[in-house]
Amino acid sequence: MADTKPTVVEAFSAVMAAVQAIGKGEYNKDQRFHFRGIDTVTDAVGPVLREHGVVILPTAEDIEVERYQTARGTAMQGVIVRMRYTVFGPAGDSFSGVTFGQASDAGDKAVAKAQSVAYRVFLLQGLTIPTNEPDPDASSHERVAYSQAAQDARNELEALCRELGIHPRTAMNDFAAANNGLDIRDATDPGSIRALDARYRTEHGTAPADDRRAVDDQGA
């Protein structure tokens with residue numbers, strides 16, 4: 001009698017039994033936590049899949065894309081993908097599962113990153129690999145609403161600081177001290193920025209910004 005090849009469920013169960021744990025050897029410096037990246041997961045799971053004759057094929061089912069700006073002014077592309085993974089066993093039978101992946105990138109890697117996240121989630125959840133905490137992406141950033149008025153106020157303050165010989169770091173520290181530690185680059189309220197502008201003008205005996213703009217307009 002010919003040997004009977006294991007079903008896909010039996011083969012996948014054998015992979016599950018062999019991959020018991022994957023350590024979190026990578027570190028997210030922005031949010032200060034350890035995590036397991038896609039390379040770490042595939043390095044641990046890939047050889048065992050091959051050993052048991054298990055093949056996993058991806059299919060992209062849906063993608064959502066958005067563009068936005070970070071607090072530091074970086075243009076980003078955010079992507080959410082829905083991926084279906086079909087698992088084939090040595091006997092040729094199969095089953096499939098769906099996971100989502102989300103990622104952002106300033107270049108052209110957002111889709112690839114999101115697909116990697118989806119595959120990592122599929123392997124971790126499908127094989128029930130132990131984890132003690134959420135496993136988010138390696139990088140992160142804070143998103144804020146962009147304010148052109150606030151940016152205009154920053155530009156005016158920067159020009160004033162150059163005129164008065166005030167170092168930019170001094171202005172940043174003064175703004176943070178008056179606004180509960182807020183970084184002036186993250187500020188979206190132009191009024192708080194202009195308040196520092198007005199303070200510097202008062203301290204140095206310089207004409208108010210509105211008066212100077214009026215003079216410039218008349219000269220134009």
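The values are calculated or read from the model by the stated rules, or taken from the named source; none is laboratory data. If you're wondering where the values come from, they're calculated on a predicted model, not measured in any experiment. Note: ideal-geometry Cβ built from the backbone for every residue, glycine included; neighbour counts use all protein chains shown.
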Yes/no for Thr99 being modelled with pLDDT of 85 or more, assigned to a loop (DSSP other than H, G, I, E, B) and polar (S, T, N, Q):
no
Select from segment 111-127 the residues that are surrounded by 22 or more Cβ atoms within 10 Å (Cβ to Cβ) and within 15 Å of the chain's Cα centre (by Cα) and list them in ascending order.
Ala114, Val117, Ala118
So which of Val65, Val41 is surrounded by fewer than 14 Cβ atoms within 10 Å (Cβ to Cβ) and either over 19 Å from Ala106 (Cβ atoms) or under 15 Å from the mean Cα position of the chain (by Cα) (or both)?
Val65
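Out of Met76, Met83, report the one residue that is part of a strand (DSSP E or B), farther than 30 Å from Thr4 by Cα and in contact with a Pro (Cβ under 8 Å, 6 or more places away or on another chain).
On the way: Met76 fails: in contact with a Pro (Cβ under 8 Å, 6 or more places away or on another chain).
Testing whether each residue is part of a strand (DSSP E or B), farther than 30 Å from Thr4 by Cα and in contact with a Pro (Cβ under 8 Å, 6 or more places away or on another chain) leaves just Met83.
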Residues of segment 40-80 being among the basic types (Lys, Arg) and more than 30 Å from Asp93 (Cβ to Cβ), which ones?
Arg67, Arg72
Which of (1) at pLDDT 90 or above; (2) part of a helix (DSSP H, G or I) is the odd one out, the single condition Ala91 does not satisfy?
(2)
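Quick check on segment 35-47. Is at least one of its residues among the acidic types (Asp, Glu) and touching a helix residue (DSSP H, G or I) at 6+ places or on another chain (Cβ under 7 Å)?
Within segment 35-47, none of the residues are among the acidic types (Asp, Glu) and touching a helix residue (DSSP H, G or I) at 6+ places or on another chain (Cβ under 7 Å).
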